[in-house]
Amino acid sequence: MEIVASVSNASKQYKTGDTVITALQPSSCEFRKNELTLIIGPSGSGKTTLLSLLGCVIFPSTGEVTICDQVINGLNQNQLAKVRLQNIGFVFQSFNLLAPLNALENVMQPLLLLGISRKEARQRATEALSKVSMEDRMYNLPKMLSGGQQQRVAIARALVTNPPLMLCDEPTAALDTKSVSVVMEELKTLSTSGKSVAVVTHDLRLKKFADRIIYVNNGMISDHQEEEDMLL
Ligand SMILES: Nc1ncnc2c1ncn2[C@@H]1O[C@H](COP(=O)(O)OP(=O)(O)OP(=O)(O)O)[C@@H](O)[C@H]1O
């Protein structure tokens, strides 16, 4: 299956003063089209660091990160921003919708940043909102929507540019059980319709939505099921 993103022998160390923290040991893994991959691990294990590498937010200390056949090491900030805007949709735990803008305007934002006309942005944002069954709430401000509905708008915003890779950091952590299922079903549908979706979570109940699971423990990546015992 087509590889959308990969880390190859990538490690990450953070330096603060004299202290060096190894957040990720040299690791390799691949994220493929049509797959929903869960990244599971305890707090502080390195999950967000892995997601930040994939999101071109940080550079690896060693090794390589490749997004859609482009090695991101060595790109400058403008080039990185372009890679992110064109290839990656981000979904966060706290939705990160802009409070003064309604759902439609929030979803239009990435397209406007890409220089697309307001007319086309409006049409594409409406389509993205209907993909997550939120078209009837498109004129609502975020504060008028439930957590689950806000997260569906955030998913529409992430998919409106049609990125091959969706990176989701604890997307269900702030949601009630029913909304967790709705949001995970949406993400699952996106993966089956051609995207690579990576979801960082602590929540082992999300396993049923996963095509693949990557376990992160003490900065080490593994795809062994038995790692889960260490997390429980
Ligand atoms: N910018 C930073 N500067 C220094 N240390 C950092 C930085 N970001 C993360 N770390 C450290 O790297 C390690 C891994 O952190 P990371 O955020 O990747 O873990 P995590 O698995 O996502 O944790 P959580 O589930 O609590 O969000 C931790 O020890 C953390 O304190």
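The table that follows gives values for the structure above.
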read-out: Pairwise centroid distance, computed over Cα atoms, of region 37-88 with region 143-185, Å; value: 21 Å
read-out: Loop-exposed GluC sites (Glu not before Pro) per DSSP, neighbour cap 13 Cβ within 10 angstrom, longest uninterrupted part of the chain; value: 3-225
read-out: Neighbour-count order for R118, R152, fewest beta carbons within 10 angstrom listed first; value: R118, R152
read-out: Region 56-135, relative contact order [Cα under 8 Å, separation at least 6], %; value: 18 percent
read-out: Gaussian network model of the chain, springs between alpha carbon atoms under 10 Å - residue of V71, V132, V180 with greatest fluctuation; value: V71
read-out: Too-long pairs where the Cα-Cα distance tops 24 Å, listed order kept, from K33/K208; K33/K207; K119/K188; K143/K188; value: K119/K188; K143/K188
read-out: For D18, D223, order by how many other beta-carbon atoms lie within 10 Å, fewest first; value: D18, D223
read-out: Reach of K12 by Cα under 17 Å, taken over lysines that are not fewer than 8 positions away in the same chain; value: K47
read-out: Least to most buried among Y139, Y215 (fewest other Cβ within 10 Å first); value: Y139, Y215
read-out: Rounded to 5, percent antiparallel among DSSP beta bridges of the chain; value: 50 percent
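Laboratory data are not the source of any read-out in this text; all were calculated from the coordinates shown. Keep in mind that what you see is a predicted model, and the values were worked out from it rather than measured. All Cβ positions, even for glycine, are placed from backbone atoms using ideal geometry, and neighbour counts span all protein chains on display.
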